[in-house]
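Only one structure is covered here, and it is reproduced in the block below.
The values are calculated or read from the model by the stated rules, or taken from the named source; none is laboratory data. Only a predicted model underlies this, so the values are computations on that prediction, with no experimental measurement involved. Reconstructed Cβ throughout: ideal geometry from the backbone, glycine too, with neighbour counts over all protein chains shown.
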Amino acid sequence: MMAIDLGAMLPELALTDMNNGPLNLTSFVGKPFILYFYPKDDTPGCTIEAKDFSALSDDFAKAGASVLGVSKDTSTKHQKFTEKYGLSIPLATDESNDVMAALGVWVEKSMYGKSYMGIERSTFLFDASGRLVQVWRKVKVAGHAAEVLNAVHALA
């Protein structure tokens, strides 16, 4: 497992957007960028997290920041999830695992004594130059989006 270090630049990797098109991470350089990873659409914690980031989307925009949520779910599932909950933040897919591997969020997990590979709920904050300035790993959902917004404000 690779992991990105603080101070590293945003990797030149691509995800798949909700319209099933390519989305290059470096297209977000030029303003603060929040890249958050979550395990699965339409599950309790992931739904709360997406709704919390959506509720603050205007505040992130006022702070000049972009937010992007990423899981392995398909573009079609992301569209349904977005419509079901009225989400206002874009979601992307990393079906190839390239981005998750580069950022070290594709990890071994265990449940009921069984090990499996999955996404560690994590958030990465990049400054306007594309440099990684803060990382949250093993995120607890409650209050997380507000904490990230405070970190964006601290960049100013």
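Close contacts from region 59-70, counting a first residue that is over 16 Å from Glu49 (Cβ atoms) and a second that is part of a loop (DSSP other than H, G, I, E, B), with Cβ to Cβ under 6 Å and a gap of 6+ residues or different chains, come to Gly64/Lys31; Ala65/Pro32. Scanning region 43-58 for residues that are free of Cβ contacts under 8 Å to residues at least 60 places away in the same chain and aliphatic (A, V, I, L, M) gives a single hit, Ala50.
Within region 76-108, the set of residues being in contact with a Ser or Thr (Cβ under 6 Å, 6 or more places away or on another chain) and more than 22 Å from Val133 (Cβ to Cβ) comprises Leu87, Ser88, Thr93, Glu108.
Against the condition in contact with a helix residue (DSSP H, G or I) (Cβ under 7 Å, 6 or more places away or on another chain) and charged (D, E, K, R), how does Lys40 come out, does it pass?
yes
Restricting the search to helices (runs of 4 or more DSSP H) fully inside region 37-156 and requiring at least 3 residues that are modelled with pLDDT of 95 or more and either surrounded by 18 or more Cβ atoms within 10 Å (Cβ to Cβ) or touching a Leu at 6+ places or on another chain (Cβ under 9 Å) (or both) gives 44-55, 57-62, 75-85, 144-155.
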